[in-house]
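The values are calculated or read from the model by the stated rules, or taken from the named source; none is laboratory data. Worth saying up front: this structure is predicted, and the values here are computed from it rather than measured. Positions of Cβ are backbone-derived with ideal geometry, glycine not excepted, and every protein chain shown enters the neighbour counts. Note: accessible area is taken over every heavy atom of the protein model, side chains too, but ligands, DNA and RNA are not part of it. Shrake-Rupley method; radii C 1.70, N 1.55, O 1.52, S 1.80 Å.
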Amino acid sequence: MSTVNHDQWVERLKSDGNIRDEAIQELRDILLRGLTATCRNRYGNKVSPEDVVQDALLKVLDKIDTFEGRSKFTTWAMTIAVRIAISEMRRKHFQDISMNDMLSDSMRFEPEAAPDPTFGQDEHKAGVMAKLRELIEISLTDKQRDAVHSLLNGMPVEVFAEKTGSNRNAVYKLVHDARVKLKQGFEQAGYEAEDINTLFA
Amino acid sequence: MTTLNKEQIQTLVGLIVTTESDQITCDDCFGQIGEFAEHALNGRELSDGMKIIQQHLQQCPCCKGEYEALIEALREVEFQA
Ligand SMILES: [Zn+2]
């Protein structure tokens, strides 16, 4: 990592001519190295770090006045670059998946996932599963069921938000509220979180 | 009607039992994630403000994935205090 401090980075990137060009080149190299590590082995390597670094540099320069110095400048720039990279990777990874496959009015469990009551613990487990099914049906809204279901299919809330014309904060809250409702439902029915977890571990 | 398989049920149960309160949004988290990452990489003790970020990361798989990618990138550029 460069020894240049963050004030110097901002100053250099906001100056003219060679000073600015050199700073951009230096920052580009740092971001590219980080992005190369990040893009490796994530979401099937479908995103080129070189493509991302260009967008990242533009965004960093555009947002430079919002840098508050809470972290090193290069760390701040890297958060922007990584966010762009991951978003792009997720978008590409899920681009061919239709929302129709993600949405459903109700959920059920695969027969093979159902517990075998001939084993000791499984009677208890069957009770938990029945409760879970009931809570999903009764206490979640349609939207919450869709969002939870998509999440269980591996779709990040960011992608779900984009595909449904919502935003990430809202979808995260939707899912989190659903989790709270399900947890409370179990607690009200007398199930302890730890017991449930042990059953499904 | 959709069907959940064994792994999905396990994941759902995991999500339910680990649910804790969360005071911030993904955008709030992003705004402080660089500072949080530096704390983690330097092994510094977390302030109350940083604990709120940690709590969100424990609740939000989306932000957690980005955070892990960020840590990998910062390590690659030989992050030093
Ligand atoms: Zn988040």
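Observations, loosely collected:
- Residue that is surrounded by the most Cβ atoms within 10 Å (Cβ to Cβ), among those in region A:77-102 that are free of Cβ contacts under 8 Å to residues at least 24 places away in the same chain and within 9 Å of chain B (Cβ to nearest Cβ): A:Thr79
- Among the residues of region A:28-60, those that are of a type in the set (A, V, I, L, M) and within 17 Å of B:Ala37 (Cβ to Cβ) comprise A:Ile30, A:Leu31, A:Leu35, A:Ala37, A:Ala56, A:Val60.
- Just one of the listed residues (B:Gln59, B:Gln55, B:Gln23) is more than 9 Å from chain A (Cβ to nearest Cβ), within 14 Å of the ligand (Cβ to nearest atom), open to solvent by less than 70 Å² (accessible area, probe 1.4 Å) and more than 20 Å from A:Gly69 (Cβ to Cβ), and it is B:Gln55.
- Cβ pairs under 6 Å, 6+ apart, first in region B:39-60 and touching a residue at least 12 places away in the same chain (Cβ under 8 Å), second among the β-branched types (Val, Ile, Thr) and within 16 Å of the ligand (Cβ to nearest atom): B:Ile52/B:Ile24; B:His56/B:Ile24
- Number of positions in region B:38-52 that are more than 13 Å from the ligand (Cβ to nearest atom), more than 7 Å from chain A (Cβ to nearest Cβ) and not in a loop (DSSP other than H, G, I, E, B): 8
- Subset tally (residues that are open to solvent by 20 Å² or more (accessible area, probe 1.4 Å) and over 14 Å from B:Thr11 (Cβ atoms)) for region A:148-167: 7
- Residues in region B:62-81 that are surrounded by fewer than 21 Cβ atoms within 10 Å (Cβ to Cβ) and either of a type in the set (D, E, K, R) or touching a residue at least 12 places away in the same chain (Cβ under 8 Å) (or both): B:Lys64, B:Glu68, B:Ile71, B:Glu72, B:Arg75, B:Glu76, B:Glu78, B:Phe79, B:Ala81.
- Top-ranked residue of region B:1-20 - restricted to ones that are assigned to a helix (DSSP H, G or I) and open to solvent by less than 60 Å² (accessible area, probe 1.4 Å), ranked as nearest to A:Lys181 (Cα to Cα): B:Ile16
- Residue check, A:Pro111 in contact with an Asp or Glu (Cβ under 6 Å, 6 or more places away or on another chain) and at pLDDT below 90: no
- The condition of being open to solvent by less than 80 Å² (accessible area, probe 1.4 Å), within 29 Å of the chain's Cα centre (by Cα) and either more than 11 Å from chain B (Cβ to nearest Cβ) or over 20 Å from B:Glu68 (Cα atoms) (or both) holds for only one of A:Arg42, A:Arg12, A:Arg28, that being A:Arg28.
- Checklist (1) touching a residue at least 12 places away in the same chain (Cβ under 8 Å); (2) assigned to a loop (DSSP other than H, G, I, E, B) applied to A:Ser166, failing item: (1)
- Taking region B:26-49 as the range and being open to solvent by 30 Å² or more (accessible area, probe 1.4 Å) and under 20 Å from A:Ala147 (Cα atoms) as the test, only B:Asp27 passes.
- A count restricted to region B:62-81 and to residues that are in a helix (DSSP H, G or I), facing chain A (nearest Cβ under 8 Å) and over 19 Å from A:Leu151 (Cα atoms) stands at 7.
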